[in-house]
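Here the structure is laid out as structure tokens; the discussion comes afterwards.
The values are calculated or read from the model by the stated rules, or taken from the named source; none is laboratory data. Bear in mind the structure is a predicted one, so any value in this text is a computation, not a measurement. Only protein heavy atoms, including side chains, enter the accessible area calculation; ligands, DNA and RNA are left aside. Shrake-Rupley method; radii C 1.70, N 1.55, O 1.52, S 1.80 Å.
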Amino acid sequence: MMYKYLHNSKSSVKIDAKLNQSIIERLKKRRIYSDFVEFSSEKELATILSGLKKQSTNTLVIVGDDNDFNILIGQSSKLDNDIVIGYLPVIRTRISKKFKLNSWQDAVEALAQRRVKEKTLYSVSSRYFYDCIELDFGDSQKNNSLQVTTDKGLVLKIPNSKLRFENLNEDRYFYKTPIQITAYHQAKDKQPAAKAKLASRLLARLSPDKNSQPSELILSLHSKNFKIEALSIALDEVGRKYNQTLSIGKSTKTIRLISKRPERQNN
């Protein structure tokens, strides 16, 4: 197997010398080790990916956290379709839980077993997202508004807010409208306590940060794709900027991902 490992030198999670040596030793033991390739920006990563060939690399692994994983997925259009993508999270994260990886040791074992599953990605402007992406269009207290257009031509205007897009293509109930948009903004202090509590419950799954303030739900809708028009530039969780007019789900890409083998149940 021709594995290549990518590491974001500006990742929010740091790999100290002891952990780095432990990871290397376990990769070598499983005979899937190669030198780590460092990148410090999305632009640098895109250049690295553009130069990869399946003849020299058939498995590409991102080492780090969910932000690093999402940066790689965002630039997956640069990858040959035959190159398999792996994830080696050094801490337990939301996406690592989805992959049923309880530790980086679990991830190494999954990489060695190399069980491959296909996953459909959806575009957000010129990038792609894996399971969800959140865009912040700025201060919701200003008079600026967003225009949301669905693939069926439904046009809605909502206040400036945070938009969350979820990839639900693996849910058979939403195979025709696999992208869900949820719009919300931070609830005002004057909001009645009962209403704020209800909004907080509705949106608990939208914000993994337990210390975040309650949010007010504005919109929840499913569609095949969306067009967003705004008066301000949006930022995502990674800090990437998006134009005032952008499309979500206009194009798709199928990637091949390494997942953990199901655990055997003893009878």
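Before moving on, here are some points about what is shown:
- Accessible area expressed per residue, the chain, with surrounding protein chains retained (probe 1.4 Å, Å²): 56 Å²
- 0 to 90° range, to nearest 10: angle between helix 193-202 axis and the chain longest Cα axis: 40 degrees
- Shape class of the stretch 3-113 from the alpha-carbon gyration tensor: rounded, with the ratio a/c of largest to smallest axis under 1.5.
- Take every pair of alpha-carbon atoms less than 8 Å apart whose residues are at least six positions apart; their mean separation over the length of the stretch 67-163 yields a relative contact order of 23 percent.
- Solvent-accessible area of the chain (1.4 angstrom probe, protein heavy atoms only): carbon and sulfur portion equals 46 percent.
- Classified by the C-alpha gyration tensor, the stretch 221-260 has an oblate form. Its axis ratio a/c, with a ≥ b ≥ c, is 1.5 or above, and a/b does not exceed b/c.
- Computed on the chain, with alpha-carbon pairs under 8 angstrom and 6+ residues apart, the relative contact order is 21 percent.
- Prolate/oblate/rounded call for the chain, Cα gyration tensor, a/c under 1.5 rounded: prolate
- Rounded to the nearest 500, the 222 nm mean residue ellipticity of the chain from helices alone is -6000 deg cm²/dmol, with -39,500 (n - 2.57) taken per DSSP H run of at least 4 residues.
- Tilt relative to the chain, helix 17-29 - C-alpha long axis, 0 to 90 degrees, to 10: 60 degrees
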